[in-house]
Amino acid sequence: MTSPDVTAPADWSARADEAARSVTRMFGQRLFFLPGTHIAAIERPSSRLKNLRRPWHYWWQAHYADCLVDAGRRELARGARFDGGSRPSAGRLASQLVAGIRLRNFLTFVNNYYDDMAWLALSTLRLEKLAEATRKPGARRHTRIRQSLTLQFDSASTDDLGGGTFWSKKRDFKNTPATAPVALYYARTGNTAKAQALVDWLHAKLFDPGLGMYQDGLRIGAGGEVVLEAAIYTYNQGPVLGALLELGGPANLDRAAALVDSVSRNLTRPATLESGRTAAVLRCDGTGDGGLFTGILARYLALAAMDGRLSDRTRATAAALVTETAQALWEGRRAVDPQEPLARHGGRLVFPVFPETPAGRSYPAGAAVELSTQLQAWMVLEAAASVQAAGQAPKPAARN
């Protein structure tokens, strides 16, 4: 890569467009060749048939939809499509993706994991808002999705263990990965009492006061004993932060500010940027499901960076975490050679798994590339673009 002009500010929207083009072209395809559908391959290079034999990762597709909504919001702001006028808009691709998810999931949006469904509920709720803004609402379809998934969340959010939301239909684990996005969904759909109860349960049962962050969950053993899963994951902190901001009020906003500070202290690593400067970047968690974790955290840190109810210091901390991580991921990208198999799938760029390690080391030419890690980089770049846009045109308590 050429050396950057350190005097020129980064154009994060343009960089997010590059990521959007690379991911949608490399991984996007029709489902079973059906018109009006879209789905993401889990790995490239690979054939359509090979992808159909793999686990298809419902929740990765939900975050793909979220990224497309991000791109659609930027399209709406500037009046131009992210991938040129002849290709589908991001909003149209997102709608086709939702159709593909339903068909791939055997004509339903319901599956065995409540966290999966919560991520899809959040992304389709944002897609509905985008559709309204573009005057192309799909109210009937969106209402059906909300009704179906809300019933699932209601059934999983019980008084067992004092509250919280079950992770799966085995109903033996209540955890942050399910409870936090369900709380955020309830908050965004007006059920603030349920949302607050779930957030309070998380704080009472899973908050680690020493680290200032939320642990993974409470598992019910075969004999009825309750076992704490104490692991701290980046993505668990993100939707908790989002729910606290959405609910608002002094207590929730104080918790949100403290959580941003805790993330800054405990979930960062040093990375050397092309300028020679060492920056604190968010910790990433490898490939597979972990390849999405830090992108999710960055999405909600961006909300904190744009929220005028938080202190200038907290907002600056959140903005720096997002932007420095985005810068490291951008600098670590690798251009796809036209002779590589990835290029035959439309690949343009490959982003690194870890912001402190260039993509040429994690994904050298000839290596298979996972969707999750590329979505994560795209998500972080979208977060940086939203922070930059808000800085150019400040507005109170911005919502994404």
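The values are calculated or read from the model by the stated rules, or taken from the named source; none is laboratory data. Computed from a predicted model, the values in this text were never measured in an experiment. Virtual Cβ from ideal backbone geometry, glycine too; neighbours counted across all protein chains shown. In case anyone asks, the SASA skips ligands and DNA or RNA and just uses the protein heavy atoms, side chains included. Shrake-Rupley method; radii C 1.70, N 1.55, O 1.52, S 1.80 Å.
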Query raised in the report: Which pairs do you get when a residue that is under 19 Å from residue 223 (Cβ atoms) and modelled with pLDDT of 95 or more, found in segment 160-173, comes within reach of a residue that is surrounded by fewer than 18 Cβ atoms within 10 Å (Cβ to Cβ) and of a type in the set (A, V, I, L, M), reach meaning Cβ atoms under 6 angstrom, with the pair 6+ apart or on two chains?
Result: 172/220
Query raised in the report: What's the number of the condition residue 178 fails, among (1) touching a Ser or Thr at 6+ places or on another chain (Cβ under 6 Å); (2) under 26 Å from residue 23 (Cα atoms); (3) open to solvent by less than 20 Å² (accessible area, probe 1.4 Å)?
Result: (2)
Query raised in the report: Can we say residue 299 is open to solvent by 10 Å² or more (accessible area, probe 1.4 Å), closer than 19 Å to residue 20 by Cα, in contact with a Phe, Trp or Tyr (Cβ under 7 Å, 6 or more places away or on another chain) and among the basic types (Lys, Arg)?
Result: no
Query raised in the report: Residues of segment 209-225 being open to solvent by 40 Å² or more (accessible area, probe 1.4 Å) and part of a strand (DSSP E or B), which ones?
Result: 219, 220
Query raised in the report: Hey, residue 270 hits all of (1) farther than 19 Å from residue 208 by Cα; (2) touching a residue at least 12 places away in the same chain (Cβ under 8 Å); (3) surrounded by 15 or more Cβ atoms within 10 Å (Cβ to Cβ) but one; which does it fall short on?
Result: (3)
**Report entry** Those helices (runs of 4 or more DSSP H) lying entirely in segment 300-400 with at least 2 residues under 20 Å from residue 70 (Cα atoms)
**Finding:** 312-331, 371-392
Query raised in the report: Failed condition for residue 228, given (1) assigned to a loop (DSSP other than H, G, I, E, B); (2) over 25 Å from the mean Cα position of the chain (by Cα); (3) farther than 24 Å from residue 121 by Cβ, with all others met?
Result: (1)
Report task. Determine, yes or no, whether residue 178 is in contact (Cβ under 8 Å) with a residue 60 or more places away in the chain, in contact with a strand residue (DSSP E or B) (Cβ under 7 Å, 6 or more places away or on another chain) and within 21 Å of residue 109 (Cα to Cα). Result -> yes
Query - Qualifying positions in segment 336-395 - acidic (Asp, Glu) and over 24 Å from residue 307 (Cβ atoms) - result: 337, 340, 356, 370
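Here is a yes/no grid of residues against (1) among the small types (Gly, Ala, Ser); (2) surrounded by fewer than 19 Cβ atoms within 10 Å (Cβ to Cβ); (3) more than 25 Å from residue 232 (Cβ to Cβ):
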| residue | (1), (2), (3) |
| --- | --- |
| 289 | no, yes, no |
| 313 | no, yes, no |
| 321 | no, no, no |
| 332 | yes, no, no |
| 354 | no, no, no |
| 360 | yes, yes, yes |
| 370 | no, no, no |
| 375 | no, no, no |
| 380 | no, no, no |
